[in-house]
Every structure is written in C-alpha cells, then in structure tokens.
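Asks: Submitted below is the structure of interest, expressed as structure tokens.
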Amino acid sequence: MREAASAGQETVTGLVAGARSETAANRRAPHPRRWFAEASAIAAIAHRDFVKLLRDRVRLFSELAFPLVLILLLGPALQSGFGAPGGLDLTAFVFTGVLAQTIWQSAVMGLISLIADREEDFSQEIFVSPVSRYSIVAGKIIGESLVALPTGLGIVIVGLLIGVPLSPVVLIALIPLSLAVAIYGGAFGLLVLANISSQRTANQIFPFILLPQFFLAGVFNPIHDLPAPLAVLSAISPMRYAVELTRNVVYGLQPGVPAPDMTAVSINAAAMAASFLAFIAIGTVLFVRAERNR
C-alpha cells in the first residue's frame, strides 16, 4: 500500500512541479488550455486515490463484508419475521438501502485521506500549484467516488444472486446513480473533515455522525410516519436523499414490483443537488483556509 501511495504521490508531484514552472504568459493562456490543465490535475489526483485502493485488498474486503452481512442476514430475517406487508419484499427493501448507504458512506470515509495527505504535508505541496483549489478538491472527491464503486458492484452482484428484482434498465440506471451518490457522499465528507486535524479525531467523530443516519435515512426501516422531532432530523439527514433516490430508481423503473412509501424523485434529486453545492462550496473554503493557516 505504501508503494502505491508513493507511486501516486510521485505522479501528482510531477504535475505540481510542472505547474510551478509555468511562466506568467502560460498562466494567461486561452480558456481551453486552462481547462485542460485543470482536468489533468483532477485526473491525476483521482488516479492516485484509485490506485491506492487497488493495492489495498484489506480495505476492499472490509468495505464489502459488512453490507453483505446486512443484506444476507437482516433482509431475510425481517422477511421471515414480518412477512411481506403490502406485498413488499423486505430483502429488496434492505438491499436498496444498504446499496446507497454503502456507496455514500464509503466516499465519506474515503475523504479521511485528505487528513493523511495533510499529515504527510502532501496537501501543502499540491496547494501551492496554480491549479484551482476546486480542481484539487474535485480530484479527491472523484477519486474516492471511484473507490466506492467496486463495493457497490459487489453488492449488486450479490443482490442478483439472491433474487432481488433488478431489470436490465435498472442495472444501467444504477451506474450513473451510484456515481452521483458517491460524489454526494464525498462532498459531505469534505465538509465534515475540513477542520479536523487528525485521523484519530476523524475516526472518533464519524460513528456519531453516520450511525444515526442509518435509521433517519431509512436504510432498513420506514421513515414516512416518524414523530415530528425525528421527522425533522430525518429531513436534514444527507444519507436519506441518497437512499430515497436509489429506491426511486429501482422501484420507479419496475412498476410491477410493490414499492414502499417514497418521497418524489424530483424532491430527492433537488435536495441532493442543493445540499451538494452547499457542501462542496463551504467544505472547500474551510479546507483551503485550514491549509493556509498551517
């Protein structure tokens, strides 16, 4: 894993070194050239994080093990205990919730690599380049989003094997949806981690932020008849909109499959888009300010 991180770091360091050598004339280059430089920076940073994942088999296994336990044990247990209320397949209900939760949470937790880069002074090195701060942060978020997708693929394969109804249209629609959910999670992770100084602190804080959202987001429980205080908390839970939008796609594209109560797809998509913009803007400002104050 250290070799992967070192190789990725050398790649991004080379990009930064090249950026530093630009002349003033190059910095005033036409927009297409500037856009290409920004895209190259995003791709290099994202590639570094993805290569680190491919070398880290322990992380791959650990991120896949827990959601599979929930789907294979909790789903059938609920089905046998409560039957099929309204014809609803509870295993499929848990599957959709766990799929969205796992991809979203993986991207959130992956942003801890920002703190690791800070502790290694790597973030300082890339932040002195003339590349946009938003491009640097976008590279980290996209990289961790790509890291979350293999886990989602494993969950989908298991879902097919246990008989979760997933039509070809749904499988195709899950590709862009999973990427959107992962990027949304990465933006939330950036906001949370912007002013956290150490990985130890992050690992202590995250359980208190993520665990309540399992229930407030409706990963494996209904959320549309909650008491007023819990309904408010559910409405401001970011994970909820990732879970609900996933169910909108899975059940909405299969009209013959009994569906649970869900918020309208337009509301979920709008809530995700608005909160994503807020997370990415505020998180980037806070993170850049923290880097400048070091």
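The values are calculated or read from the model by the stated rules, or taken from the named source; none is laboratory data. Everything numeric here is computed off the predicted structure, so don't read it as measured data. As a convention, Cβ positions derive from the backbone with ideal geometry for all residues, glycine included, and neighbour counts pool all protein chains shown.
Asks: Whether any residue in the stretch 187-199 is out of contact with any Phe, Trp or Tyr (no Cβ under 8 Å at 6 or more places or on another chain), in a helix (DSSP H, G or I), surrounded by fewer than 21 Cβ atoms within 10 Å (Cβ to Cβ) and at pLDDT below 85 is what I want to check.
Replies: yes
Asks: Output yes when any residue across the stretch 266-276 is farther than 20 Å from Leu78 by Cβ, more than 18 Å from the chain's Cα centre (by Cα), exposed (fewer than 13 other Cβ atoms within 10 Å of the Cβ) and not aromatic (Phe, Trp, Tyr), and no when none is. Working first, answer last.
Replies: Let us first name the residues in the stretch 266-276 that are farther than 20 Å from Leu78 by Cβ, namely 266-276.
Then keep just the ones that are more than 18 Å from the chain's Cα centre (by Cα); that gives 266-267.
Now narrow it down to the ones that are exposed (fewer than 13 other Cβ atoms within 10 Å of the Cβ): 266.
Going one step further and asking which of them are not aromatic (Phe, Trp, Tyr), we end up with 266.
Yes, that holds for at least one residue.
Asks: A follow-up question, please. I need the full set of residues from the stretch 173-205 which are more than 14 Å from the chain's Cα centre (by Cα) and more than 25 Å from Leu90 (Cβ to Cβ), in order please.
Replies: Within the stretch 173-205, Ala194, Asn195, Ile196, Ser197, Ser198, Gln199, Arg200, Thr201, Ala202, Asn203, Gln204, Ile205 meet the criteria.
Asks: Name the residues in the stretch 226-240 that are in a helix (DSSP H, G or I) and of a type in the set (S, T, N, Q), would you?
Replies: Within the stretch 226-240, Ser234 is the sole residue that qualifies.
Asks: Kindly indicate which of Val257, Val243, Val249 is out of contact with any His (no Cβ under 7 Å at 6 or more places or on another chain), within 27 Å of Phe66 (Cβ to Cβ), hydrophobic (A, V, I, L, M, F, W, C) and in a loop (DSSP other than H, G, I, E, B).
Replies: It is Val257.
Asks: Across the stretch 37-87, which residue is nearest to Gly186 (Cα to Cα) among those that are among the aromatic types (Phe, Trp, Tyr) and either at pLDDT 75 or above or under 22 Å from the mean Cα position of the chain (by Cα) (or both)? Reasoning before the result, please.
Replies: So in the stretch 37-87, the residues among the aromatic types (Phe, Trp, Tyr) come out as 50, 61, 66, 82.
From what's left, either at pLDDT 75 or above or under 22 Å from the mean Cα position of the chain (by Cα) (or both): 50, 61, 66.
Details: Phe50: 14, Phe61: 20, Phe66: 20 Å.
Checking each candidate, the answer is Phe50.
Asks: Answer yes or no as to whether Ala281 is over 19 Å from Val98 (Cβ atoms), modelled with pLDDT of 95 or more and under 19 Å from the mean Cα position of the chain (by Cα).
Replies: no
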